[in-house]
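What follows draws every value from the coordinates through simple rules; no lab data is involved. What you see is a predicted model, and the numbers here were worked out from it, not measured in a lab. Glycine gets a Cβ as well: all are built from the backbone with ideal geometry, and neighbour counts include every protein chain shown.
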Amino acid sequence: MNALKRVAGILWIIAGPLAIYYLVRTAIDEINKKPVIDTKIQWAVFIIVFIPIAIGIIIFGIYALKGEYDHLPGSSEDITD
Amino acid sequence: MIQPANEVQSIRKIIMASSVGTLIEWYDFYIFGSLAPVIAGQFFPKTNPTAALLSTLATFAAGFIVRPFGALVFGRLGDLIGRKYTFLLTLIIMGSSTFAIGLVPGYQTIGFAAPIIILVLRLLQGLALGGEYGGAATYVAEHAPPNRRGFFTSWIQTTATLGLFLSLGIILIARHSLDADRTRSIAKFEDWGWRIPFLVSIFLVVVSVYIRLRMKESPLYAKLKTEGKTSVNPLKESFTHRSNLKMVLLALFGATMGQGVVWYTGQFYAQSFIENVCKVDFEQSRTILLWAILFATPFFVVFGNWSDKIGRKWIMLVGMFLAIITYRPLFGKLYSIADEKNKTEVVDEKQISTAIKPIVNTGNSLRKIGTTHFFDDGTLLMETRTDTLYAEAGKITDKPDVKISKLLPANGYWLMVGIIFIMILYVTMVYGPIAAFLVELFPTKIRYTSMSLPYHIGNGIFGGLTPFIALLLTTIYTGDKLVGLYYSIIVAGLCFLVGLLYLRNKIDPNVND
């Protein structure tokens, strides 16, 4: 199970940049299709909000790949840093 | 384990005091969304009603986006100065902002200042809500015995849905109480009566503040404070310490993200779908949701209680999985119930009425043609076509405004109630046990900060943006009426996989650590 958790980490690392690419590409297409202020604001909001979350999933993937989730802490005493 | 009677009574008081405040905060937050089309007309005057609605939804969405910041600000305060005073503060901010929205003059009176003030107040609402939930859930969980934590916190979990119920109910009552004549009452509501649900909030908040002032600090937090073990910098501890950050990320990607989209798809998006896509009448679309909420709400407590026996993980994941595989057929069924193509029109009964009103000082007139179609199953379809009759010869309205509204017969109505009940049942599965799950994931000294952030990113951003993103997807991919659901299905699917792989099902016996 721990091996699977680590391998899946690669998927989450890839998912982050893919999500950012899809988001930015759709935003550019939609703004070009309808270059009004409403469209620009709405897509700017999506990019500002979702890019940090996509970075979060990359970090999650890195932790998973490193085996940080092999054992979850049961109490504060298990937290070492 | 049998608890002493006074302990049971004390925890009931704690749940009551926490839940009432949280319920009011959700009510305050949702009346804005429930009144989006009316607010669009008052504060975002555009010639295109869809654009105006989108502007309102954007303002509505701003309230969701700011929630994680509220979680950080008030979560930090909650871990530094205590749970009790922090969520008292959030309640006051929320109540004042909601009351103030009810007082802001419309665009026609103060111009652009109106939408800007509304946006600022909406942001304050979002900040306050961001601080409220984590505090209430933490407060109740820290009072609850280990073997009943899921059960006791599930009462807090009912408040979001009941807040929505209360907001819809008060809006419907206000809409019909302003005049003996129904049409005039609705017109008055859209003119000034929409302010009533916002103004009513102040009374609810005063009562709730009074109740909360009588509460004591959480015993676990009070103990930490006495021992001098509270966190000096909870934000730093939560997000720069690898061990805590990895749990924050796990909570977000393995639980709250999926829970958020399931919550908003089953309730907000479902209501928006039956009103705007199925074209079901304003009132029917809301009463359908009200009945479904009423029947499903007890299941928050059922699943919260059950999670004390079998663990939190599998109940949440099964709820998510059922949502992923059944959303398309369920929404497809909602659409087909209202679709007139599946019905036979009784052509002889068709009624047409025309009203022409002169437009002052122009020589032009406004024409309204109302057509009522009757169908064999009892469905009524009302079409109102509005255009301008110009005095100038040969000039015609390019695009008449066409509004369609359907009144469903009893069997179609109750079938819709049943389908939405199923979707809210999924909500109760993912949401009922999640407060206990989050509380058990983080240590006491950084709990308020650490659990609030993933909850509000998951519920506020992923969930809150669901109706907005779903509507947007239908404008990009116009061929499929159910395309908006892909957002919820993909987010819930990703969360299900992460939860399946990385979450554990163990109930933490000791949250005093």
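May I ask for the angle, rounded to the nearest 10°, between helix B:113-143 and the longest principal axis of chain B, with both axes built from Cα atoms and the value confined to 0 to 90°? With both axes taken from Cα atoms, the answer is about 40 degrees. For region B:274-289, the Karplus equation 6.51 cos²θ - 1.76 cosθ + 1.60, evaluated at θ = phi - 60°, returns couplings of 6, 7, 8, 9, 7, 6, 6, 3, 3, 6, 4, 4, 7, 5, 4, 5 Hz by residue, with Gly and Pro reported as x. If you look at the Cα atoms of chain B, you get an Rg and a Dmax of 24.3, 87 Å. For region B:414-501, the relative contact order comes to 14 percent (Cα pairs under 8 Å, sequence separation of at least 6).
Relative to the longest principal axis of the Cα atoms of chain B, helix B:242-251 runs at roughly 40 degrees.
Between 0 and 90 degrees, the angle of helix A:37-65 with respect to the longest Cα principal axis of chain A falls at about 20 degrees.
Sequence-distant contacts, meaning Cα pairs under 8 Å at least 6 residues apart, place the relative contact order of region B:355-402 at 30 percent. Of interest is the spacing of the C-alpha centroids, which for region A:28-49 and region B:166-196 amounts to 36 Å. With q set to 0.21 Å⁻¹, the log10 of I(q)/I(0) for region B:459-507, from the Debye formula over equal scatterers at the Cα positions, is -0.75.
How high is the relative contact order of chain B, given as a whole-number percent (alpha carbon pairs under 8 Å, six or more residues apart)?
Details: 904 pairs, mean separation 121.3, N = 513.
Rounded, it is 24 percent for chain B.
Taking amide hydrogens as placed 1.01 Å from N in the peptide plane, the amide H of B:W194 sits under 5 Å from that of no residue at least 5 positions away in sequence or on another chain.
Region B:316-390 and region B:395-416 have Cα centres lying 1 Å from one another. Note on B:K395: lysines with a C-alpha under 28 Å away, same-chain residues under 8 apart excluded, are B:K46, B:K357, B:K368, B:K403.
Using only alpha-carbon positions in chain A, the gyration tensor eigenvalues give semi-axes of 36, 15, 6 Å once each is multiplied by 5 and square-rooted (largest first).
Per the Kirkwood formula on distinct C-alpha pairs, the Rh of the protein assembly as shown is how many angstrom? Before the final figure, lay out each step's value.
Working: mean 1/r = 0.0396 Å⁻¹.
Across the protein assembly as shown, the inverse of the average 1/r is 25.2 Å.
Positive contributions from Lys and Arg (+1) and negative ones from Asp and Glu (-1), summed over other residues with Cβ under 12 Å from the Cβ of B:G102, come out at 0.
Summarising the amide proton neighbourhood of B:K481: residues at separation of 5 or more, or on other chains, whose placed amide H is nearer than 5 Å comprise an empty set.
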